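The values are calculated or read from the model by the stated rules, or taken from the named source; none is laboratory data. Remember, it's a predicted structure, so these values are computed and weren't measured experimentally. Because the Cβ atoms are built from the backbone with ideal geometry, glycine has one as well, and the counts that use them run over all protein chains shown. For the accessible areas, the whole protein counts, side chains as well, though only heavy atoms, and no ligand, DNA or RNA atoms are used. Shrake-Rupley method; radii C 1.70, N 1.55, O 1.52, S 1.80 Å.
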Amino acid sequence: MARRPRPLDPTDGPLQAFAHGLRELRESAGNPTYRSLARIAGFSATTLSDAAAGLRRPSLEVTLAFVGACRGDEDDWRRRWHRLEAELTDARRSADDGELATAAGESAEPPPESPAETRAETPATPVESLPSETLTAVVLDLAQPAPKRPWRGRFALAAGVVTALVGSLLALHLSAEDLNQLAQIPPGCPKLPDTKGGFTGRTYTDTTRVRDAPSLGGQVLQELPAGCRLRFSGYCLGDVVIDATGNSPDVRWFELGNGYISSAVVHGNPPPGLPPTDCPGGRPGPSDLALTARPSATDPSGVELSTTGRQLGVVGFAAYYQERGADRPRWHQLAMTTAKQEFRTTWQPGTADGGQAGIPVLAAACLGGQAPTDTSDALLLDPGRIPTSRPDALTGDALRAARAEACRYPING
């Protein structure tokens, strides 16, 4: 049995609020085990669990890997991480100032003035005024092994420059993780543009192909290595591609300049509510979905669920029932299918508690994992009687929850 996590009070401080947010994100992703998240994130289950424990600040790299594995908004969580770092830094400074003030009050004599404090110094050029390209180049250069110098004077000068630069970088709230990321940008990755807007994602396959159309048959314009952080202007709909980490289908193609990359090979999602755009060679959104149910021809205890509709690329199925031994019913994802499976799945209602008379079942058109659409249909299934009726009330939050579960990114394990 999995260990119950330590309770967290999000009002107990910025670190606890941050960890509580990570827990909520994991829960919204279907509460996958940390072991299954580790297979996607590239960090151990213990490291990911510690990130949501609220005992210490996780690194930026671990945070983004956690969020990416849960299909969260990495840009939003990057901002949250920097806010957390600033708040923790301010808290440490306040504590240090308080200790200094106490010490000063207890001292009868002021400390002797240092000769260095009496010298007039020429103001240095603030690092904020340096172009971002120059700053990145200097950081990358510092990451390389330093050549041997025969003169101590040059070594002392270089050490002074490094010390001043590191101090300036820390003043800009650039953490060790940020510097490490700058120093480890994979060769072959395009520069992340300074422009805002859109959304970002990270390549994770050995070869990520940029094509001239949202299609597997599109011409390859560029090949990118794993680990590239990219900024996309939007997305449109195209060919179905199977996500390598969750084995789930996806029809979204992210727009990168004049090219397109399948969402299935990128960690990162468009912001919630961002609609797809029209693009040459793309497909329109789904519509007119209809759900039917009938006894399975191959499984006497099963029910075959199938859908028809227009422009269906991915269809998810979900049922609302109470599992045996559970204290309440909830929505359960049954399957995510593509046209290769004819948007069909077989379900055994026997997995539900036998005391439940009617079970709402829903099919929703999905764009991919964590990407439901408003196109759906529902039935009220009585395991002992088919055909079924329509549910009386499946609207508002209940309908949104059903669609979200039907299109959930399947990372439980």
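Each principal axis of the Cα atoms in the stretch 304-353 has its own extent, and those three values, largest first, are 39, 15, 13 angstrom.
Protection proxy ranking of 230-239, 329-338, by the mean of other Cβ atoms within 10 Å over each peptide's residues and highest first, is 230-239, 329-338. Probing with 1.4 Å while keeping every protein chain in the model, the per residue accessible area of the stretch 244-283 equals 41 Å². Radius of gyration over Kirkwood radius for the stretch 222-288, both on Cα atoms: the Rg/Rh ratio is 0.94.
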